[in-house]
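The next block holds one structure in the form of structure tokens; read it before the comments.
The values are calculated or read from the model by the stated rules, or taken from the named source; none is laboratory data. Keep in mind that what you see is a predicted model, and the values were worked out from it rather than measured. So basically every Cβ, Gly included, is an ideal-geometry build from the backbone, and we count neighbours across all protein chains shown. When the accessible area is computed, the model is the full protein with side chains, heavy atoms only, and any ligands, DNA or RNA have been set aside. Shrake-Rupley method; radii C 1.70, N 1.55, O 1.52, S 1.80 Å.
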Amino acid sequence: MTTTTTAVIDLDLPGATISRHVYGHFAEHLGRCIYGGFWVGEDSPVANVRGIRSDVVEALRAISIPNLRWPGGCFADDYHWRDGIGPRESRPRMVNSHWGDVVEDNAFGTHEFMDLCELLGADPYVSGNVGSGSVAEMSDWVEYLTRADDSPMAALRRANGREQPWRVPFWGLGNEAWGCGGNLRAEQFASLARQYATYTRNHGGNLLYRIAAGANEADLHWTETLLRSFDDLAADPAAPAGPFQAVSLHYYTMAGSWSDKGDATGFSTDQWYVTMARARRMEELLTRHSTVMDRYDPHRKVGLVVDEWGTWWNVEKGTNPGFLYQQNTLRDALVASVHFDAFHRHAERVVMANIAQTVNVLQAMILTDPDTGTLVLTPTYHVFAMNTGHHDAASLAVHLRDVETRAVDGTELPLVSASASVKGDTALVSLSNLDADTDRILVLDLRGRDVVGHTARVLTATALDAHNTPAQLDAVAPTDHAGVRPHPRGLEVDLPAHSYVTVALELR
Ligand code: AHR
């Protein structure tokens, strides 16, 4: 049976700008994300530039990767940046106790990360160590990276081969301070965040956007405590937020519990729906945290940065449990599209988001074969690719009518998710059919401007757990979508069961 839903969009009423930075990424020293993922070393048979995989860079440039968060995650609060500079052969080793208890040789450090960002054309987002570091250590790292004159840290950088300072726009003050980042109380961390923010200085023209480690899921007390610790946010609408500028939020989607998260493949239809309902929870979390923030920050100066999100499944059989390697299917793609719809709707508050993680870890864009090095683009990658038109576009409200719902875990899951944006004479509409079995027709009721052309893409597959492998690179890949027809109200779009569709509109 085919059912019809209507989406009403006023194309002439643009809302807040969707920052391209909500399409940000995260690379931690974890499993094969850095080593084998981004970094293969200069002597590798895998094509590389100064040790960095060329195919990974090319794939991420193709989706206009806006920023990259590094070195963690939990690893960040164990990381001492001085161990990762200077000649590689003499860098000290350390134990990566969070992730596999393996020895880290620090081959990939500050210079390699900044080189990677330059190759990618992405803004660096450096996550500083609050948990086991010191204020002086973090302050020195900022000076090392961004100062131009002959200061001690700038001189040290030059001695290590980099003459010019780098531009570092984003700076993280700790990570998950309520957990792996120190097991701190909100009040304790709020004081530390103020202190660390004070000593992470703007050198020359480099203006840091400082992001304090924020809440886990629905921990509104954490967000409220951080918001209360700002200098008076209501006083002067023109004054920037200080001493830091944003707070973060982490939320992971799984089909089970933390001890048994569900498998990445071979899942049931029920688990599909539970996953979709849990992915939709991002919308609720953004609303609740934003409401708390609005109370203290009426001018919306403080950013909300969702710097870890995505699916977290049981690891693939036979892989190191500490390496968090998981397969990535059509289900992951729909989880991503649902998150982006939420980020677009909350564009006023959500200034950045970073999927966890870019290569070979959790909900990755890219998987690399450990034996052959073959690069596989995941279904999630394709959602990022299909959505590049939303980068820095103005969000448009999408009013859905006649959306069927399904009872899942005591909540009603709407079976269609949608968002839209406009930039000049083009608009992009994103449509997810979360129904595992039923095709839909969706009428786009387009008002306010003339639509003079359209193109559409669809991402779907026969099986819910369809995925790409070295042997079948394109089992799940977008294709042109012929199922779009003129309709008296605008356009009529076929939404196959379990599919993601984008419709690009040409406007006059
Ligand atoms: O992304 C994996 C881990 O999840 C991160 O290191 C940590 O911040 C979170 O708990």
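The figures follow:
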{"item": "Amide N of region 300-344 lying under 18 Å from the label point, which is placed 7 angstrom from the Cα of Ser44 along Cα→Cβ", "result": "323-326"}
{"item": "Paramagnetic reach from Asn320 (point 7 Å along Cα→Cβ, amide N under 20 Å) across region 16-32", "result": "26-32"}
{"item": "Translational D in µm²/s for region 251-304 (Stokes-Einstein at 25 °C, 0.890 mPa s, Kirkwood Rh from C-alpha pairs)", "result": "187 µm²/s"}
{"item": "Under 5 Å, built H, 5+ apart or other chain: amide partners of Glu308", "result": "Leu249, Tyr251, Asn354"}
{"item": "Pair Ala397, Thr17: separation of 7 Å Cα→Cβ label points (nm)", "result": "2.2 nm"}
{"item": "Computed E for Asp260/Arg489 - FRET, C-beta separation, R0 45 angstrom, nearest 0.05", "result": "0.45"}
{"item": "Span from the region 110-139 Cα centroid across to the region 12-59 one, whole angstrom", "result": "15 Å"}
{"item": "Exposure of Tyr209 as accessible area (Å², to 10), given a probe of 1.4 Å and all protein chains", "result": "60 Å²"}
{"item": "The chain: Cys lacking any partner C-beta under 4.7 angstrom", "result": "Cys33, Cys117"}
{"item": "Cβ-based net charge around Thr3, under 14 Å, with every Lys or Arg adding one and every Asp or Glu removing one", "result": "-4"}
{"item": "Calculated FRET value between Arg185 and Asp150, using beta carbons and R₀ = 45 Å, to 0.05", "result": "0.60"}
{"item": "Cut-off 13 Å between beta-carbons: net charge of the residues surrounding Gly131, Lys and Arg +1, Asp and Glu -1", "result": "-4"}
{"item": "Surface accessible to a 1.4 Å probe, Leu415 within the full protein complex, Å²", "result": "10 Å²"}
{"item": "Candidate lysines for bridging to Lys301, where Cα separation is under 29 Å - those fewer than 8 sequence places away on the same chain excluded", "result": "Lys423"}
{"item": "Probe 1.4 Å, accessible area per residue of region 416-457, Å²", "result": "34 Å²"}
{"item": "List Asp437, Asp494, ordered by accessible area with a 1.4 Å probe, largest first", "result": "Asp437, Asp494"}
{"item": "Accessible-area composition of region 71-176, carbon plus sulfur, in percent [1.4 Å probe]", "result": "50 percent"}
{"item": "Label zone at Asp450 (point 7 Å along Cα-to-Cβ), backbone N below 12 Å, region 472-508", "result": "507-508"}
{"item": "Theoretical ellipticity at 222 nm over the chain - DSSP helices of four or more residues, -39500 (n - 2.57) apiece, nearest 500", "result": "-7000 deg cm²/dmol"}
{"item": "Accessible surface of region 314-370, 1.4 Å probe, proportion on carbon and sulfur as whole %", "result": "56 percent"}
{"item": "Sequence of Thr3, Thr291, Thr265 from largest to smallest accessible area, 1.4 Å probe", "result": "Thr291, Thr265, Thr3"}
{"item": "Extension gain (nm, one decimal) between Ala159 and Arg457, 0.36 nm per residue minus Cα-Cα", "result": "102.2 nm"}
{"item": "Cα centroid of region 343-420 to Cα centroid of region 210-283, whole Å", "result": "15 Å"}
